[in-house]
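A.B. asks: First the structure, which I've put down as structure tokens, then a few questions once you've had a look.
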Amino acid sequence: MKEKLQVGVLGFGTVGSGVVHILEEHKSKISQVTGYEIAIKTVLVRDLEKKRRHETTGSIKLTTDPDEVLEDPEIGVVVEVMGSITTAREYILRALKAGKQVVTANKDLIALHGDELVTAAQENQCDLFYEASVAGGVPILRTIVNSLAADKIKKVMGIVNGTTNFMLTKMATEQKTYEEALLEAQNLGFAEADPTNDVDGIDAAYKMVILTRLAFGMNVRLDDVKVAGIRGISPQDVVISDQLGYQVKLVGLAEERDETVSVHVGPALLAKAHPLAGVNHENNAVFITGAAVGETMFYGPGAGKGPTAISVVSDLIIAAKNIRLGTTGNAFNNFKHETKYTPDEQIFSKYYLRLKMNDKTGTFLKLTQIFAEAGVGFDKILQKPFDEYTATVVIITHVTSKAQLEKALKRTKQEPEIKLITNYSVVEV
Ligand code: NAP
Ligand code: HSE
């Protein structure tokens with residue numbers, strides 16, 4: 001008879017029910033790997049009367065009282081899969097102070113309060129793991145902190161939000177409307193309780209903050225991440241991009257340059273031959289460039305019950321092994337570097353610009369003059385009549401600095417006959 005390791009789970013929604021299911025389904029393997037019989041004792045929910053798609057087995061107690069998890073001395077590990085920031089932070093701090101190991105899937109919390117929680121974990125000799133917080137079932141955080149520990153990472157580029165990638169795929173391949181695609185993503189359990197963070201790029205930004213911390217050792221603030229979501233994407237941009245050989249995706253990019261970092265999230269045009277361009281549905285991928293390893297990509301389901309639960313339970317298994325070995329309390333990531341931001345003069349990209357311009361002689365000349373004065377060159381140009389008086393002009397620039405582009409766009413704003421509609425970065429192979 002193996003020793004029992006009792007677990008308390010905070011939350012019994014998509015991920016929580018997945019954790020319960022995986023621990024039951026893969027019980028024998030998990031027991032062999034850890035040397036424990038891992039058993040969920042108590043699960044915290046908000047509403048005991050709620051009709052649930054997944055039921056618990058008889059030995060698991062559902063409760064609405066957090067003390068039944070946090071103050072139960074028999075519970076050695078707490079799994080936080082309830083979401084939110086304030087309450088989850090409070091419960092995790094209480095669990096750590098009570099000497100319990102903690103596993104969480106909560107990227108909002110780790111991105112905003114990671115430092116505080118890591119310190120509390122170390123002060124209490126406890127593990128705090130959060131693999132599921134980024135890219136669902138893709139084990140990207142441990143890959144960065146373990147397998148790529150020897151390399152100097154230069155760039156991390158990722159499709160890290162399953163909901164928006166699912167929506168963009170459905171809109172592009174099945175002509176679903178934005179609303180239909182979002183509803184489907186919600187029904188499949190990919191979206192956050194409030195999907196605003198998904199569609200506005202905030203969820204991806206949280207994940208990029210965590211990836212930046214692990215890859216570059218730098219603690220960027222969410223406010224310093226330039227974020228745009230997918231609400232504004234027009235079918236016109238998707239069609240034109242396709243004609244020009246690109247795929248529109250919501251991309252997060254963190255790049256190191258001379259010991260500084262820039263991080264942003266937004267729609268981007270990916271050359272169709274780029275490995276990230278083929279990442280569809282709720283799948284995520286993180287494309288990492290290392291000074292020595294070169295380019296690597298890690299791909300898999302980024303959201304949903306099963307994949308996310310696998311990452312959570314894998315963290316739980318590592319915590320269990322650490323309890324057995326008496327080695328809890330080592331930080332998930334020890335790499336730290338002073339945080340410095342790259343100035344706009346040193347951030348380089350190609351850009352896709354869609355403009356609406358008066359279709360009269362001289363307007364295009366004015367546009368080229370403005371861009372030439374800012375030092376921005378054109379790589380591709382497309383012009384189509386919009387109506388009798390205006391034209392749609394699409395430009396793909398040469399590689400240019402963000403500062404140069406901003407200068408050109410600021411000048412363009414002063415011209416009433418030129419209106420910028422879309423401004424996305426372009427990623428070539
Ligand atoms: P969910 O389906 O909305 O489930 C949340 C669960 O937490 C529910 O069971 C809810 O109880 C419970 N809960 C919420 N607030 C509570 C409170 N104050 N007190 C007690 N119980 C509370 O959420 P989810 O999709 O499983 O996501 C959970 C966490 O995992 C979030 O941090 C999310 O960002 C993260 N995550 C999710 C995915 C995904 O694909 N869904 C992937 C990676 C990470 P009731 O059931 O009674 O309402
Ligand atoms: N809402 C998130 C997504 C869940 O769609 O990617 C996984 O973190």
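The values are calculated or read from the model by the stated rules, or taken from the named source; none is laboratory data. On a predicted model such as this, the values are computed, not experimentally measured, just so you know. A quick note on method: Cβ atoms are made from the backbone with ideal geometry, for glycine too, and the neighbour counts reach across all protein chains shown. In case anyone asks, the SASA skips ligands and DNA or RNA and just uses the protein heavy atoms, side chains included. Shrake-Rupley method; radii C 1.70, N 1.55, O 1.52, S 1.80 Å.
Matching residues to (1) charged (D, E, K, R); (2) touching a residue at least 12 places away in the same chain (Cβ under 8 Å); (3) within 16 Å of ligand 1 (Cβ to nearest atom); (4) open to solvent by 60 Å² or more (accessible area, probe 1.4 Å):
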residue	(1), (2), (3), (4)
Asn284	no, yes, yes, no
Gly304	no, yes, yes, no
Phe348	no, yes, no, yes
Leu353	no, yes, no, no
Asp359	yes, yes, no, yes
Leu365	no, no, no, yes
Ala374	no, yes, no, no
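A.B. asks: Name every residue in region 85-118 that is surrounded by fewer than 16 Cβ atoms within 10 Å (Cβ to Cβ) and under 18 Å from the mean Cα position of the chain (by Cα), in order of residue number.
C.D. replies: The answer is Ile85, and nothing else.
A.B. asks: Of the conditions (1) farther than 26 Å from Thr119 by Cα; (2) away from ligand 1 (no atom under 14 Å from the Cβ); (3) surrounded by 13 or more Cβ atoms within 10 Å (Cβ to Cβ), Gly58 satisfies every one except a single condition; which number is it?
C.D. replies: Failing condition for Gly58: (3).
A.B. asks: Output the residues belonging to region 101-143 that are among the aliphatic types (A, V, I, L, M) and away from ligand 1 (no atom under 16 Å from the Cβ).
C.D. replies: Val118, Ala120, Ala121
A.B. asks: Given the conditions (1) surrounded by fewer than 20 Cβ atoms within 10 Å (Cβ to Cβ); (2) within 16 Å of ligand 2 (Cβ to nearest atom); (3) of a type outside the set (Val, Ile, Thr), report the number of the one that Ser133 does not fulfil.
C.D. replies: Of everything listed in (1) surrounded by fewer than 20 Cβ atoms within 10 Å (Cβ to Cβ); (2) within 16 Å of ligand 2 (Cβ to nearest atom); (3) of a type outside the set (Val, Ile, Thr), Ser133 misses just condition (1).
A.B. asks: Now for a separate question. Residues to consider are Asp203, Asp127, Asp108, Asp198; find the one that is within 16 Å of ligand 2 (Cβ to nearest atom), of a type in the set (Asp, Glu) and either within 26 Å of Gln6 (Cβ to Cβ) or outside the structural domain of Glu259 (by TED's automatic domain parsing) (or both).
C.D. replies: Exactly one of Asp203, Asp127, Asp108, Asp198 is within 16 Å of ligand 2 (Cβ to nearest atom), of a type in the set (Asp, Glu) and either within 26 Å of Gln6 (Cβ to Cβ) or outside the structural domain of Glu259 (by TED's automatic domain parsing) (or both), namely Asp108.
A.B. asks: Filter region 144-202 down to the residues that are charged (D, E, K, R), within 14 Å of ligand 1 (Cβ to nearest atom) and closer than 30 Å to Gly217 by Cβ, then identify the one that is surrounded by the most Cβ atoms within 10 Å (Cβ to Cβ).
C.D. replies: Asp198
A.B. asks: What do you reckon, is Gly162 within 18 Å of Gly201 (Cα to Cα) and touching a Pro at 6+ places or on another chain (Cβ under 6 Å)?
C.D. replies: Against the criterion (within 18 Å of Gly201 (Cα to Cα) and touching a Pro at 6+ places or on another chain (Cβ under 6 Å)), Gly162 does not qualify.
A.B. asks: Please identify the pairs in which a residue from region 216-228 that is over 12 Å from Tyr341 (Cα atoms) has its Cβ atom under 6 Å from the Cβ atom of a residue that is among the basic types (Lys, Arg) and open to solvent by 10 Å² or more (accessible area, probe 1.4 Å), counting only partners at least 6 apart or on another chain.
C.D. replies: These pairs meet every condition: Gly217/Lys336.
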